[in-house]
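Working notes, structure below.
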Amino acid sequence: MVDPANGLDGVADVLVTDGRISRIGPSLQAPAGAERIDATGQVVCPGLIDLHVHFREPGQTAKETLSTGAQAAARGGFTTVVCMPNTQPSIDSASTVALIQERARTAAIRIEVSGAMSKGIQGEELASIGSLAKAGVVALTDDGHCIQNNDLMRRALEYARQFGLPVMDHCQDYGMVMNGVMHEGLQSLRLGLRGWPAAGEELIVARNILLAEQTGTPVHCQHMSAAGSVRLIREAKKRGVPISGEACPHHFTLTDSTIAGSAEFWAGDGAELARRVFQGHPLPAWPVYHTHFKMNPPLRTAADREAILEGLVDGTLEIIASDHAPHTESEKEVEFDDAPFGIVGLELELPLSLMQLYHTGRLSLSGVLEKLTINPARFLKLSEGRGTLSVGALGDITVFDPEASWVCDRRDTASLSQNNPFHGWPMKGRVTRTFVGGQQVFSR
């Protein structure tokens with residue numbers, strides 16, 4: 001059992017009664033009639049939490065629904081997720097929050113809702129933050145968009161603080177990024193694609209640091225991809241600024257050279273991965289301009305990838321999230337310039353994190369899991385002991401085998417979409433069971 005919140009890392013039993021953890025200890029005597037589950041050789045940990053997913057409901061249910069997204073989350077070991085507000089209509093009113101909460105009641109896992117900071121996530125006028133708070137949103141964000149008006153962002157932070165809501169921000173300076181579709185650098189020059197410079201992220205990270213320092217409102221910078229962003233957050237945290245950041249597995253595994261095709265990636269930025277991960281396995285092949293590698297923010301250089309990993313190791317980046325962004329095949333099967341940004345990620349988030357952080361010796365198992373359990377729970381102020389295995393906490397539990405070897409097949413998914421760039425990759429580590437409130441919602 002590994003529970004970073006309580007410093008638990010050892011062999012033990014856990015008893016769940018009436019949906020809550022009632023006892024933890026070695027060699028527990030189970031009550032008569034209790035269901036016994038043997039997890040010998042596996043890891044039992046708090047149910048994983050992802051504070052950044054796109055389930056597309058309402059309005060885009062051909063890509064994903066609350067039900068299918070929840071099933072994908074359960075397969076990935078996640079018991080709580082937070083939906084982003086860039087739906088159609090956007091989640092900028094109490095009525096839309098209520099709609100999602102009602103539909104989420106029958107989902108396999110716990111689905112929390114984030115509310116938009118601005119009306120229609122257009123960045124022009126504040127949403128009714130007080131009404132959203134009363135409706136039960138757990139955070140505010142315009143994810144998918146970024147408020148460009150600095151004064152409006154300041155006011156949003158001031159209102160958020162009044163209602164005790166954390167703010168999560170998609171860091172993108174539109175004037176710098178313009179219509180870029182991939183990282184601006186050598187590869188974009190070679191491929192003739194419009195560049196998305198790292199400074200387009202770093203400028204907003206710097207803005208958020210200044211405003212968090214001024215207002216005292218916690219600001220969480222989503223899906224960090226650039227080395228400069230990590231450096232800015234690290235320096236600000238040393239001054240006590242209430243700033244935090246998250247990393248996504250695709251940003252600490254892949255680089256922009258993937259867009260130049262598989263041969264380019266495996267010969268260069270992916271060479272170490274090929275040696276370490278693909279022992280005896282054929283290297284997956286993909287063409288130049290493959291749209292499954294198009295995401296926002298974009299994949300960046302090997303140096304940026306290393307900086308993200310270092311930020312996770314030293315605690316600068318406290319949270320791992322998927323930015324699960326499903327799209328249909330027809331949307332992705334177009335020219336690179338015209339394809340939407342985003343990939344699915346919930347079912348591979350834990351294996352990729354283990355592959356890049358635990359199996360490389362960069363972090364302990366507890367160090368990886370804290371970024372997927374207690375850290376997001378604390379940031380969002382989630383109730384009822386979520387993110388822990390504390391006695392009295394909800395019986396949200398994940399069981400996984402950190403040594404299990406398997407090969408990713410993008411067709412083997414609970415999601416409605418298959419825009420997965422890791423098709424054909426060998427993985428190490430796999431979820432075997434997921435429990436929500438003591439009820440098994442997934443079993444391999």
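Using Cα centres only, tell me the gap between region 404-421 and region 105-151 in whole Å.
Centre-to-centre (Cα) distance: 30 Å.
Skipping prolines and chain starts, which residues have an amide H placed within reach, meaning under 5 Å, of the one on residue 410, given they are 5 or more residues away or on another chain?
So residue 410 has HN proximity to 424.
Could you give the dipole magnitude of region 2-443 about its Cα centre, charging the beta-carbon of Lys and Arg +1 and that of Asp and Glu -1, in debye to the nearest 20?
With Lys and Arg at +1 and Asp and Glu at -1, about 660 debye.
If I model a spin label as a point 7 Å beyond the Cα along the Cα-Cβ vector, how far apart are those points for residue 105 and residue 276 in nm?
In this crude label model, residue 105 to residue 276 measures out at 4.7 nm.
For residue 332, which lysines qualify as cross-link partners when the Cα separation must be under 25 Å and same-chain residues fewer than eight apart are set aside?
Within reach: 63, 294.
Please give the Cα centre distance for region 159-186 versus region 1-42, rounded to the nearest Å.
Value for the Cα centre distance between the two parts: 42 Å.
Would you kindly state how much longer the chain becomes between residue 263 and residue 98 on full extension, computed as 0.36 nm times their sequence separation minus their alpha carbon distance, in nm to one decimal?
Contour length minus Cα-Cα distance gives 54.5 nm.
For the pair residue 119 and residue 238, how long in nm is the line joining their label points, each one 7 Å along Cα→Cβ?
According to this spin-label approximation, the distance is 4.4 nm.
Using a cut-off of 24 Å between alpha-carbon atoms, which lysines can reach residue 371, once sequence neighbours fewer than 8 places away in the same chain are excluded?
Straight-line reach from residue 371, under 24 Å: 237, 238, 381, 428.
Based only on other Cβ atoms within 10 Å, what is the fewest-to-most ordering of 443, 114?
Taking fewest neighbouring Cβ atoms as first place, the list is 443, 114.
GNM on the chain, C-alpha springs below 10 Å: top fluctuator among 251, 281, 220?
281
Return 178, 1, 153 ranked ascending by Cβ neighbour count within 10 Å, so the fewest neighbours appear first.
Working: 178 12, 1 19, 153 25.
Going from sparsest to densest Cβ surroundings: 178, 1, 153.
Assuming R0 = 60 Å, what is the FRET efficiency of residue 302 and residue 162, from their Cβ-Cβ distance, to the nearest 0.05?
It comes out at approximately 0.90.
Count neighbours as other Cβ atoms within 10 Å of each site's Cβ, and list the chymotrypsin sites (Phe, Trp or Tyr not before Pro) in region 76-175 that are DSSP loop with at most 14 such neighbours.
Working: sites: 78, 159, 163, 174; in loops: 163.
Passing both the DSSP loop test and the Cβ count: 163.
I'd like the FRET efficiency for residue 338 and residue 423, computed as 1/(1 + (r/R0)^6) with the beta carbon distance as r and R0 of 22 Å, rounded to 0.05. The partial results should precede the final answer.
Details: r = 22 Å, r/R0 = 0.98.
For residue 338 and residue 423, the calculated efficiency is 0.55.
If you stretched the chain out fully between residue 134 and residue 32, how much longer would it get, using 0.36 nm times the residue separation minus the C-alpha to C-alpha distance? Mind showing how you got there, number by number?
Numbers: separation 102, 0.36 × 102 = 36.72 nm, distance 4.33 nm.
That works out to 32.4 nm of additional length.
Using just the helices of the chain, give the 222 nm mean residue ellipticity in deg cm²/dmol: DSSP H runs with n ≥ 4 each add -39,500 (n - 2.57), and the total is spread over all residues, rounded to 500.
Taking each H run of at least 4 residues, the total per residue is -8000 deg cm²/dmol.
Could you point to the residue in 340, 367, 307 farthest towards the positive end of region 2-443's charge dipole, with +1 and -1 charges on the Cβ of Lys/Arg and Asp/Glu respectively?
367
Test of understanding: ordering 9, 173, 314 by Cβ neighbours within 10 Å, fewest first, what list do you get?
314, 9, 173
Alpha carbon centre of region 367-389 versus region 77-97: separation in Å?
20 Å
Cα-based Rg of region 2-443 per 2.2 N^0.38 Å, rounded to two decimals?
Normalised by 2.2 N^0.38 Å, the Cα Rg of region 2-443 equals 0.93.
Taking GluC sites (Glu not before Pro) as candidate sites, keep only those in a DSSP loop with at most 16 other Cβ atoms within 10 Å, then name the longest stretch of the chain containing none of them.
Between exposed loop sites, the widest span is 126-332.
Every read-out reported here was derived from the displayed coordinates using simple, explicitly stated rules and does not represent laboratory data. Just so it is clear, the structure is predicted and the values come from calculations on it, not from any experiment. Methodologically, a virtual Cβ is constructed for each residue, glycine included, from the backbone with ideal geometry; neighbour enumeration extends over all protein chains shown.
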